[in-house]
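Here the structure is laid out as structure tokens; the discussion comes afterwards.
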Amino acid sequence: MKKPTVALVGRPNVGKSTLFNRIAGKKISIIEDIPGITRDRIYADASYRDYKFHLIDTGGIDLSNEKFNDEIKVQAEIAISEADVVVFILDGKEGITSNDLVVRDMLRKSNKKVIVAVNKIDNQKRMENIYDFYELGFDNYIPISAEHNIGIGELLDEIVRDFYTVEEEYEDLLKFCVIGRPNVGKSSLVNALLNEDRVIVSDQAGTTRDSVDTVFTYDKQDYVLIDTAGMRKKGKIYENVEKYSLIRSMKAIDRSDVCLIVINAEEGIIEHDKHIAGYAIESGKAVVLVVNKWDTVENKNDIRKFRDEVKNNFQFMPYAPIVFLSALTKKRIHTLMPEVLKAYENSTKEIKTSLLNNVIMDAVSLNPPPSYKGKRLKIYFVSQTGNKPPKFTFNVNSKGLIHFSYERYIENKLRENFDLTGTPIILQWKNKGEE
């Protein structure tokens, strides 16, 4: 099921981040009373009534020559191009400024649905100011106060008005995506898997124009491969700025069962690789780490050393299998699909309750929970309550007694006894008698 995307845009200090946090339901954006504090687009999954959507917060656009402003404007342009609905936020106290007109012009060119949210309207006197904004020439104007939660329901009603549930075209097929920063060889890997030059491949970072879904057959079974696009060349959008590819990756991750996180062996691991992997983990997706361009490494015997480096950098996902290959020469390409299928199988695994309880009770006997203020955690019963990823619910005497180190011990014991390679797992703790 595909989620729509909503982008929040506007000049600095109009309250975008406050509105973002209000809609997302948690404090994600940095809020400071300093114009331009939100440097990067920030993403969240949001929901309202029966609708779910991606929410993007953007940096404020202005005309001054400060260091970040050109980059922020480019990011906002990308966010607008990816959005189904754009919320144009204005300051109801200050009226229209030259920066607002710059944003207006960007939005007019986009041909997207635009909702004008006039913020900081928290009393009747300011309500009269809303008519001053009609000269911008848009159709929908809604007075709000993000800080005081005024008008947010009306705004959300308008945001989701044209949303509808889109049934996934390939609902019954295993879907996996290829994600990673620009120029790690995502498109070459797609072509190698499909055994055809289906996607444009170039040494120039970001030459893939759009996300591409391809149905292909492997071992007499159909699968869907989602290639996450690099950025399209459009005006002054610079393809080699890594963070610009994030939103398409987010969309692809959301629709996938397994994520292939591609790393460039030639360049080594950088922080952005870990950020992208983090999005896949937060989404609860099965993962495979793919070290591409292995043909460029002079000493192939360094595979153990490089594997250790990957494990060290991706300590937050020690369960992820690592595949070394060259998409260009197709060397070791045959090792990839078995790992994809195994990761998916493990993410959908269902473990018998009796086996689960035997393992946990043995683990507790071997290493009892530490006591805290004279009290000790007791685990009464455990059952699997979900999959994709596997979710285990523990009935305990007091979930306040759980220490993160003991939780990690329990997870390790589960992984030792059941093959959960390639998938994150969720441990949920519930007090006895709690619904």
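The values are calculated or read from the model by the stated rules, or taken from the named source; none is laboratory data. Keep in mind that this is a model prediction, so the values were computed, not measured. Cβ coordinates were reconstructed from backbone atoms using ideal geometry, including for glycine residues, and neighbour counts include every protein chain displayed. What goes into the accessible areas is simple: the full protein's heavy atoms, side chains included, and nothing from ligands, DNA or RNA. Shrake-Rupley method; radii C 1.70, N 1.55, O 1.52, S 1.80 Å.
Out of all the residues in the range 277-301, which are farther than 21 Å from Leu174 by Cβ and among the β-branched types (Val, Ile, Thr)?
Listed by number, the residues that qualify are Val291, Thr296, Val297.
State whether the residues of the range 313-333 include one that is in a helix (DSSP H, G or I), within 16 Å of Leu193 (Cβ to Cβ) and at pLDDT 90 or above.
Within the range 313-333, the first condition is being in a helix (DSSP H, G or I), and the residues that meet it are 313, 333.
Imposing the further condition that a residue be within 16 Å of Leu193 (Cβ to Cβ) reduces the set to 333.
Then drop every residue that is not at pLDDT 90 or above, which leaves 333.
Yes, some residue in the range 313-333 is in a helix (DSSP H, G or I), within 16 Å of Leu193 (Cβ to Cβ) and at pLDDT 90 or above.
Can you name every residue in the range 101-159 that is under 26 Å from the mean Cα position of the chain (by Cα) and among the hydroxyl-bearing types (Ser, Thr, Tyr)?
Ser110
Given the criterion of a type outside the set (Gly, Ala, Ser) and outside any strand (DSSP E or B), identify the matching residue among Val116, Val102, Val87.
On the way: Val116 fails: outside any strand (DSSP E or B); Val87 fails: outside any strand (DSSP E or B).
Matching residue, one of Val116, Val102, Val87: Val102.
Tell me which residues, restricted to the range 72-93, are at pLDDT below 85, open to solvent by 30 Å² or more (accessible area, probe 1.4 Å) and not hydroxyl-bearing (Ser, Thr, Tyr).
Within the range 72-93, Lys73, Glu77 qualify.
Restricting to the range 12-27, and then to whatever is under 21 Å from Ile115 (Cβ atoms), open to solvent by 20 Å² or more (accessible area, probe 1.4 Å) and in a loop (DSSP other than H, G, I, E, B), can you tell me which residue is modelled with the highest pLDDT?
Here the residue is Asn13.
In this structure, is Lys305 assigned to a helix (DSSP H, G or I) and under 23 Å from Asp419 (Cα atoms)?
Working: assigned to a helix (DSSP H, G or I): yes; under 23 Å from Asp419 (Cα atoms): no.
For Lys305, the condition - assigned to a helix (DSSP H, G or I) and under 23 Å from Asp419 (Cα atoms) - is not met.
Can you run down the residue pairs with Cβ atoms below 7 Å, 6 or more apart or on separate chains, where the first is in the range 340-352 and closer than 18 Å to Val290 by Cα and open to solvent by 10 Å² or more (accessible area, probe 1.4 Å) and the partner is assigned to a loop (DSSP other than H, G, I, E, B) and among the small types (Gly, Ala, Ser)?
Pairs that qualify, where the first residue is closer than 18 Å to Val290 by Cα and open to solvent by 10 Å² or more (accessible area, probe 1.4 Å) and the partner is assigned to a loop (DSSP other than H, G, I, E, B) and among the small types (Gly, Ala, Ser), are Lys342/Gly422.
Give the range 270-312 a look and list any residue that's modelled with pLDDT under 85 and of a type in the set (A, V, I, L, M), or say none.
Ile270, Ile276, Val297, Ile303
So which of Ile159, Ile130, Ile142 ends up being modelled with pLDDT of 90 or more, part of a helix (DSSP H, G or I) and surrounded by 15 or more Cβ atoms within 10 Å (Cβ to Cβ)? Before you say what the answer is, go through the steps one by one.
Numbers: Ile130 fails: modelled with pLDDT of 90 or more; Ile142 fails: part of a helix (DSSP H, G or I).
Of the residues listed, the single one that is modelled with pLDDT of 90 or more, part of a helix (DSSP H, G or I) and surrounded by 15 or more Cβ atoms within 10 Å (Cβ to Cβ) is Ile159.
State which residue is surrounded by the most Cβ atoms within 10 Å (Cβ to Cβ) when the search covers only the range 363-398 and only residues that are among the charged types (D, E, K, R) and touching a residue at least 24 places away in the same chain (Cβ under 8 Å).
Lys391
Of everything in the range 399-413 that's in contact with a strand residue (DSSP E or B) (Cβ under 7 Å, 6 or more places away or on another chain) and in a helix (DSSP H, G or I), which residue is most open to solvent (accessible area, probe 1.4 Å)?
First, the residues of the range 399-413 that are in contact with a strand residue (DSSP E or B) (Cβ under 7 Å, 6 or more places away or on another chain): 399, 401-402, 407, 410-411.
Narrowing the set further to residues that are in a helix (DSSP H, G or I) leaves 399, 401, 407, 410-411.
On the way: Lys399: 84, Leu401: 28, Glu407: 58, Ile410: 0, Glu411: 51 Å².
Top of the filtered list is Lys399.
Within the range 227-264, can you find the residues that are modelled with pLDDT of 85 or more, outside any helix (DSSP H, G or I) and either open to solvent by 10 Å² or more (accessible area, probe 1.4 Å) or touching a helix residue (DSSP H, G or I) at 6+ places or on another chain (Cβ under 6 Å) (or both)? Steps first, please.
Residues of the range 227-264 that are modelled with pLDDT of 85 or more, as a first pass: 253, 256-264.
From what's left, outside any helix (DSSP H, G or I): 256-264.
Correct list: Asp257, Val258, Cys259, Ile261, Val262, Ile263.
Please identify the pairs in which a residue from the range 83-108 that is under 21 Å from Phe20 (Cα atoms) and among the charged types (D, E, K, R) has its Cβ atom under 7 Å from the Cβ atom of a residue that is open to solvent by less than 10 Å² (accessible area, probe 1.4 Å) and assigned to a helix (DSSP H, G or I), counting only partners at least 6 apart or on another chain.
Pairs that qualify, where the first residue is under 21 Å from Phe20 (Cα atoms) and among the charged types (D, E, K, R) and the partner is open to solvent by less than 10 Å² (accessible area, probe 1.4 Å) and assigned to a helix (DSSP H, G or I), are Arg104/Leu136.
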